[in-house]
1. Using 0.36 nm per residue, how much length does the chain from N167 to T120 gain when fully extended, once their Cα-Cα distance is taken away?
2. Taking the alpha-carbon centroid of each part, what is the distance from the range 105-172 to the range 61-89 in angstrom?
3. For the range 60-172, how many pairs of lysine residues have a Cα-Cα distance under 14 Å, where the two are 8 or more positions apart or belong to different chains?
4. Karplus couplings for the range 103-120 from phi (6.51 cos²θ - 1.76 cosθ + 1.60, θ = phi - 60°), rounded to Hz, Gly and Pro as x?
Amino acid sequence: MTPRPLGAAARRSLTATALGAACVLALGACSSSSSSSSSGDKDGSAEAAGPPQLKVSGAYVPQPPTDKMAGGFLTVRNSGGKADKLTSVSSDVAGEVEMHETVKQQMQQVESLPVPAHGTLKLARGGNHLMLMDLKHKPVKGQTVTFVLHFAESGSVTVKAPVEATNYTPEK
């Protein structure tokens, strides 16, 4: 049996149904994203937002001038509807990795860094960053450093970061 092409009336009916479904989904998304409810609400809006969806990009380590410490930089994008936070980092070249934020041009170690829902955590020169302490060996341009990022909600993510020149600045 050969399928017959849809007539004009059937195409209009399918188009109207699809358009109606799209409107319902769009209205649902607007109401949940503009809601100021907390994650403990009974209506389930926090759960409807979905879990964090993390993607790490732009990771690199500038070749350090000394063999004592190095910096690490990367971007974490969260396309999910729930926030997450970076709680710790480990590396194959460092005995310890500290998370630092920069406030009024002063570095300070922090216990965690937020990754907002539908937002970005950017670790970059002059801002929040990773400090690789107690280096096992000095990372040299052309090598790769492995980071294991530990998140409160999303578990662990392993990232390979190339070692770049000391003065390397990524393109924006």
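1. Residue separation times 0.36 nm, minus the Cα-Cα distance, leaves 14.5 nm.
2. After rounding, the separation between the Cα centres reads 2 Å.
3. Taking the Cα cut-off of 14 Å, the pair count is 5.
4. Calculated HN-Hα couplings, in order: 10, 6, 6, 10, 7, 9, 6, 10, 7, 7, 10, x, 10, x, 4, 6, x, 9 Hz.
The numbers here are math on the coordinates, done by the rules we state, and not lab data. Since the model is a prediction, treat every value here as computed from it, not as a measurement.
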